[in-house]
Amino acid sequence: DVKVTQSSRYLVKRTGEKVFLECVQDMDHENMFWYRQDPGLGLRLIYFSYDVKMKEKGDIPEGYSVSREKKERFSLILESASTNQTSMYLCASSPLGQGHPSETQYFGPGTRLLVL
Amino acid sequence: GESVGLHLPTLSVQEGDNSIINCAYSNSASDYFIWYKQESGKGPQFIIDIRSNMDKRQGQRVTVLLNKTVKHLSLQIAATQPGDSAVYFCAENIWGYQKVTFGIGTKLQVIP
C-alpha cells in the first residue's frame, strides 16, 4: 500500500513565524503535490514537483515556497505565516508512468494549521 | 470560477437508497475526470475515473456519467451505506498534465 505521511496532524503558529510542513511518501513516486483545503473552495494546488529539485507553481503559490531535496520528501514552507494561511494542508504523490498520474494520486491525512 | 461560501452542498440519503452527486466542470478542454471520496480526518481517496471518449463507466456500486455537452459529471452510488458518508469531490484534468482542478465537494449524509 502507498503511504503518504505528513509530519503533523495539527499545528498552531503565530503570525510572522516560519512554518515547515513535511511530507514523505514511500512508493518512489516522481510527482508530489501540496494543496490547501478550505470550506466552500475545495482543494487548491499550491505547488507541485515532478522530480528532485524541480518545482512548479500551482494556482495559489503566493506566500509559500517548497523544497524537494530528496525524491521521497516534499516540504511546504510558509516564510512568514499569516492568519489567512489558516487551513488544512494536504500532500499527495503520484507515479510518473504509462498510467495517468491523476488516477493514482495518493493523499496524506492532512495537517490542520492554525495561525494566530 | 470558484464558489465562495462556508458551507458544502449536502445530500441526505436514506440507507439503501441510491445517491446521485452532481458536478459541473469548467474547462471544455478537460478530457479526464475523477471522483474522490474524503472521509472525516482523512485525505481524499480515488473512487472512479472516466475519460472524455466515454459517457458512462461503472465500478463496484458506483457509476460515473459524463455529459460533455453541458459539462456535467455525476456519481451514482447504489444501495448507499453508512460507510459512504463522506465528502465527494469531482476533479477535472487534461490528459498528460499533472495539474488537477477539484470541485468544492458535496457532503453525503446517510440516514440509517
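Some points to look at:
- Filter result (crowded, with 16+ Cβ neighbours inside 10 Å, closer than 18 Å to B:L75 by Cβ and within 9 Å of chain A (Cβ to nearest Cβ)) within the stretch B:34-47: B:I34, B:Y36, B:Q38, B:P44, B:F46
- Flag for A:Y10 being away from chain B (no Cβ under 14 Å) and over 17 Å from B:Q98 (Cβ atoms): no
- Positions within the stretch A:1-59 being open to solvent by 50 Å² or more (accessible area, probe 1.4 Å), within 15 Å of A:Y106 (Cβ to Cβ) and of a type in the set (A, V, I, L, M), in sequence order: A:M27
- Scanning the stretch A:39-62 for residues that are closer than 23 Å to B:F89 by Cα, part of a strand (DSSP E or B), at the interface with chain B (Cβ under 9 Å from one of its Cβ atoms) and at pLDDT 90 or above returns A:L43, A:R44, A:L45, A:F48.
- So B:T10, is it polar (S, T, N, Q) and away from chain A (no Cβ under 14 Å): no
- Just one of (1) surrounded by 15 or more Cβ atoms within 10 Å (Cβ to Cβ); (2) over 21 Å from A:Y106 (Cβ atoms); (3) touching a Ser or Thr at 6+ places or on another chain (Cβ under 9 Å) fails for B:L73. It is (3).
- Residues of the stretch B:86-104 that are more than 7 Å from every other protein chain (Cβ to nearest Cβ), over 13 Å from the mean Cα position of the chain (by Cα) and surrounded by 15 or more Cβ atoms within 10 Å (Cβ to Cβ): B:I94 alone.
- A:F74 being under 13 Å from the mean Cα position of the chain (by Cα), aromatic (F, W, Y) and open to solvent by 10 Å² or more (accessible area, probe 1.4 Å): no
- Test: B:D49 is at pLDDT below 95, under 14 Å from the mean Cα position of the chain (by Cα) and either aliphatic (A, V, I, L, M) or within 25 Å of B:Y97 (Cβ to Cβ) (or both): yes
The values are calculated or read from the model by the stated rules, or taken from the named source; none is laboratory data. Note that the structure is predicted; figures quoted are calculated from it, not measured. A quick note on method: Cβ atoms are made from the backbone with ideal geometry, for glycine too, and the neighbour counts reach across all protein chains shown. Protein only, heavy atoms only, side chains kept; ligands, DNA and RNA dropped before computing areas. Shrake-Rupley method; radii C 1.70, N 1.55, O 1.52, S 1.80 Å.
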